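The values are calculated or read from the model by the stated rules, or taken from the named source; none is laboratory data. A quick note: this is a predicted structure, and the numbers were derived from the prediction, not measured. A quick note on method: Cβ atoms are made from the backbone with ideal geometry, for glycine too, and the neighbour counts reach across all protein chains shown.
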Amino acid sequence: SLESCIREDLNENAPRAMAVIDPVKLVIENYQGEGEMVTMPNHPNKPEMGSRQVPFSGEIWIDRADFREEANKQYKRLVLGKEVRLRNAYVIKAERVEKDAEGNITTIFCTYDADTLSKDPADGRKVKGVIHWVSAAHALPVEIRLYDRLFSVPNPGAADDFLSVINPESLVIKQGFAEPSLKDAVAGKA
């Protein structure tokens, strides 16, 4: 399909950057200092595409879908009481959460292993799962457009009125956060 061809081309040629679509704040309680720069490859399999410096701090945004209070063993993201790696950064462990009056998680409180910057824990423990993140202090507010199928039926031409079968969810606009390297990004430029 056209979608899979586009995805294949992007996967092969597009430089990477991190953005969070449905942000929830994560506070690393034992992180000392105001922050640091972390080196990240622009493409995981193409070192010739270079690298970039991404700010890291004790307060970050992660995607809400990357955290659960409880999960089965197949879930490879952050779970209360378990560890996960922050992409190209540290191993963290979720300790507790804060919720609003409706029971929605507003903040995840974690600890981190300071000796795991882009490397495995020295004691040999296995950490499964990697999640992306954006430093809260340096986050770039962004509008994210999520596209889906334009029509809600496979053959819109068969409908009496094609407007009646337009998918109301074909475009969903969300407000999220991106790493600051995207501030000067230009559409169509790698």
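Details
- Ala17 being in contact with a helix residue (DSSP H, G or I) (Cβ under 7 Å, 6 or more places away or on another chain), farther than 21 Å from Lys126 by Cα and not polar (S, T, N, Q): yes
- The condition of being at pLDDT below 95 and of a type in the set (Val, Ile, Thr) holds for only one of Ile21, Ile6, that being Ile6.
- Considering region 133-143, the residues that are touching a residue at least 60 places away in the same chain (Cβ under 8 Å) and among the aliphatic types (A, V, I, L, M) include one that is nearest to Ile92 (Cα to Cα), namely Val134.
- Those residues of region 41-93 which are over 16 Å from the mean Cα position of the chain (by Cα) and crowded, with 21+ Cβ neighbours inside 10 Å, in sequence order: Glu83
- Sole residue being among the basic types (Lys, Arg) and within 26 Å of Val186 (Cβ to Cβ), chosen from Arg16, Arg77: Arg16
- Looking across region 23-37, the residues that are surrounded by fewer than 19 Cβ atoms within 10 Å (Cβ to Cβ) and within 19 Å of Val127 (Cβ to Cβ) come down to Glu29, Asn30.
- Candidate set from region 139-182 (those that are charged (D, E, K, R) and either assigned to a loop (DSSP other than H, G, I, E, B) or in contact with an Asp or Glu (Cβ under 6 Å, 6 or more places away or on another chain) (or both)); member that is farthest from Met37 (Cα to Cα): Asp160
- Within region 113-132, residues that are on the phi > 0 side of the Ramachandran plot sit with their Cβ atoms under 6 Å from residues that are of a type outside the set (Gly, Ala, Ser), at 6+ positions apart or across chains, in these pairs: Ser118/Asn88; Gly129/Lys76; Gly129/Arg77; Gly129/Val84.
- Matching residues in region 1-43 - criterion: being closer than 17 Å to Asn88 by Cα, touching a strand residue (DSSP E or B) at 6+ places or on another chain (Cβ under 7 Å), assigned to a loop (DSSP other than H, G, I, E, B) and not polar (S, T, N, Q): Ala17, Met18, Tyr31, Gly35
- Qualifying residues in region 116-168 (those that are surrounded by 10 or more Cβ atoms within 10 Å (Cβ to Cβ) and among the acidic types (Asp, Glu)) - the one nearest to Gly58 (Cα to Cα): Asp120
- Flag if Ala136 is among the small types (Gly, Ala, Ser), under 21 Å from Val38 (Cα atoms) and either modelled with pLDDT under 95 or in contact with a Cys (Cβ under 6 Å, 6 or more places away or on another chain) (or both): no
- Residues within region 1-58 that are closer than 15 Å to Ile131 by Cα, among the charged types (D, E, K, R) and in contact (Cβ under 8 Å) with a residue 40 or more places away in the chain, tallied: 2
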